[in-house]
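Quick notes on the structure that follows.
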Amino acid sequence: MLRLLSWTPATTALLLRASATFEGGQFTDERRLRERMQALYEAGLVRFWSTAHAGGGLQNYYKLTPLGFETVSCSEVPQPPRTFFSEVSPSFFEHTFCLAEVIVETVRATHSRRVKIDRLVRENELTFPVGDDMVQPDCFFRLTAGGRAFNLAFEIDCSTESLDSYAASSIRHKLTVYHAYQELILSQWLVGGKTWERPRFRVVFLTQSVERAYHILSFAAETVQNQARRIVYATTQDNYVTEADRLHAPIFLDHFGDWQSLVDLHPTGTYLKTPVRLMRQQVESPIGVC
């Protein structure tokens with residue numbers, strides 16, 4: 001539980017869902033979970049705040065204290081900034097807990113399918129630099145399965161950022177930097193004589209609507225330097241968190257409109273789902289429907 005909270009704050013409901021992956025076994029109900037969290041609070045390992053629940057009423061969300069972080073981390077790991085331990089700002093609340101849900105559901109999926117999490121990097125702690133530009137994914141997973149590695153940079157899109165502008169936070173700018181970074185590290189790998197693992201990653205956009213996902217993929221097609229390189233995948237957040245086999249099922253579209261999965265153990269094969277013709281205004285073919 002402390003390990004999960006070192007990655008993300010989590011509500012009582014999210015912790016209950018995540019408890020299926022805990023070594024001590026799953027909590028049978030929220031009451032038992034709240035009792036455990038109260039014990040951790042009294043030990044000075046966690047803090048909590050109350051927030052409105054979508055179904056009505058209040059529920060708690062939890063964060064580690066500095067002592068809790070020290071307990072679960074190696075002594076060499078520097079402590080995060082103070083905001084990591086403080087109450088979530090109202091302006092970041094939606095994004096923070098959309099991201100928390102994605103992390104929890106990804107952890108659950110790796111546990112059920114025996115996929116190993118080699119690395120998880122929290123929000124704003126990983127930078128992809130290209131010259132004077134850079135981009136920071138909302139979180140980054142390195143997963144391994146079947147002897148293959150899968151590097152996944154997640155972007156949680158709450159429709160608050162411009163799609164096409166000169167702002168550093170715009171979707172077009174992010175896509176341009178991600179594509180340029182892939183070209184940069186591949187060129188370094190080639191110059192270095194291919195003496196280390198081929199550097200490749202996927203940028204996973206999770207959106208609030210099908211239309212937004214299509215728009216992002218359309219921009220991805222315009223900004224990619226090598227059209228054959230499929231870096232950007234997109235689906236809706238709801239589709240991702242509700243799909244039982246979210247890592248292996250082909251629930252993502254790439255910029256060609258082809259269906260993809262995050263953990264594809266047979267990359268030379270193709271999925272039997274009909275490709276989608278991507279158009280910026282198209283909404284007739286919902287993501288997740290064959």
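Taking every residue in segment 256-268 that is in contact (Cβ under 8 Å) with a residue 12 or more places away in the chain and pairing it with any residue that is among the hydroxyl-bearing types (Ser, Thr, Tyr) and surrounded by fewer than 18 Cβ atoms within 10 Å (Cβ to Cβ), at least 6 positions away or on another chain, the pairs with Cβ-Cβ distances below 7 Å are Trp259/Tyr271.
Just the residues that are assigned to a helix (DSSP H, G or I) and touching a residue at least 60 places away in the same chain (Cβ under 8 Å), please, taken from segment 29-73. Before you say what the answer is, go through the steps one by one.
Step one: filter segment 29-73 for residues assigned to a helix (DSSP H, G or I), giving 30-42, 66-72.
If the condition is that a residue be assigned to a helix (DSSP H, G or I) and touching a residue at least 60 places away in the same chain (Cβ under 8 Å), then Gly68, Phe69, Thr71, Val72 are the ones that fit.
Taken across segment 18-28, residues that are in contact with a strand residue (DSSP E or B) (Cβ under 8 Å, 6 or more places away or on another chain), within 20 Å of Thr106 (Cβ to Cβ), surrounded by 13 or more Cβ atoms within 10 Å (Cβ to Cβ) and not assigned by TED's automatic domain parsing to the domain that holds Glu105 do occur, with at least one present.
Quick one: would you say Val210 is β-branched (Val, Ile, Thr) and either free of Cβ contacts under 8 Å to residues at least 12 places away in the same chain or farther than 20 Å from Phe150 by Cα (or both)?
yes
Of the residues making up segment 176-199, at least one is closer than 18 Å to Leu253 by Cα, assigned by TED's automatic domain parsing to the domain that holds Ala109 and over 15 Å from the mean Cα position of the chain (by Cα). Scanning segment 144-179 for residues that are in contact with a strand residue (DSSP E or B) (Cβ under 7 Å, 6 or more places away or on another chain) and either crowded, with 18+ Cβ neighbours inside 10 Å or among the charged types (D, E, K, R) (or both) turns up Phe150, Leu152, Ala153, Phe154, Glu155, Ile156, Asp157, Lys174, Leu175, Val177, Tyr178. Restricting segment 104-143 to residues that are among the polar types (S, T, N, Q), closer than 20 Å to Tyr240 by Cβ and surrounded by 15 or more Cβ atoms within 10 Å (Cβ to Cβ), the residue that is farthest from the chain's Cα centre (by Cα) is Thr110. Taking segment 144-175 as the range and being at positive phi and under 18 Å from the mean Cα position of the chain (by Cα) as the test, only Ser159 passes. Every listed requirement among (1) in contact with a helix residue (DSSP H, G or I) (Cβ under 7 Å, 6 or more places away or on another chain); (2) in contact (Cβ under 8 Å) with a residue 40 or more places away in the chain is met by Gln26 save one, (2).
Looking across segment 210-222 at every residue that is small (Gly, Ala, Ser) and closer than 27 Å to Leu143 by Cα, the one that is surrounded by the most Cβ atoms within 10 Å (Cβ to Cβ) is identified as Ala220. Set side by side, the residues Phe93, Phe69, Phe48 differ, and just one is touching a Phe, Trp or Tyr at 6+ places or on another chain (Cβ under 6 Å) and aromatic (Phe, Trp, Tyr), which is Phe48. Would it be correct to say that Gln59 is outside the structural domain of Ala249 (by TED's automatic domain parsing) and surrounded by 12 or more Cβ atoms within 10 Å (Cβ to Cβ)? Considered against the rule, which asks whether it is outside the structural domain of Ala249 (by TED's automatic domain parsing) and surrounded by 12 or more Cβ atoms within 10 Å (Cβ to Cβ), Gln59 comes out as yes. Of the residues making up segment 103-120, those that are out of contact with any strand residue (DSSP E or B) (no Cβ under 6 Å at 6 or more places or on another chain) and of a type in the set (Lys, Arg) are Arg108, Arg113, Arg114.
Test Gln225 against the criterion of being in contact with a His (Cβ under 9 Å, 6 or more places away or on another chain), surrounded by fewer than 18 Cβ atoms within 10 Å (Cβ to Cβ), of a type outside the set (A, V, I, L, M) and touching a residue at least 40 places away in the same chain (Cβ under 8 Å), and give yes or no. Walk me through how you get there before you give the answer.
Values: in contact with a His (Cβ under 9 Å, 6 or more places away or on another chain): yes; surrounded by fewer than 18 Cβ atoms within 10 Å (Cβ to Cβ): yes; of a type outside the set (A, V, I, L, M): yes; touching a residue at least 40 places away in the same chain (Cβ under 8 Å): yes.
So Gln225 fits the description; yes.
Determine, yes or no, whether Thr21 is under 24 Å from the mean Cα position of the chain (by Cα), under 27 Å from Glu161 (Cβ atoms) and polar (S, T, N, Q).
Judged against the criteria, Thr21 is not a match.
The values are calculated or read from the model by the stated rules, or taken from the named source; none is laboratory data. All of these numbers come straight from a predicted model, not from anything done at the bench. Every residue, glycine among them, receives a Cβ derived from its backbone with ideal geometry; neighbour counts consider all protein chains shown.
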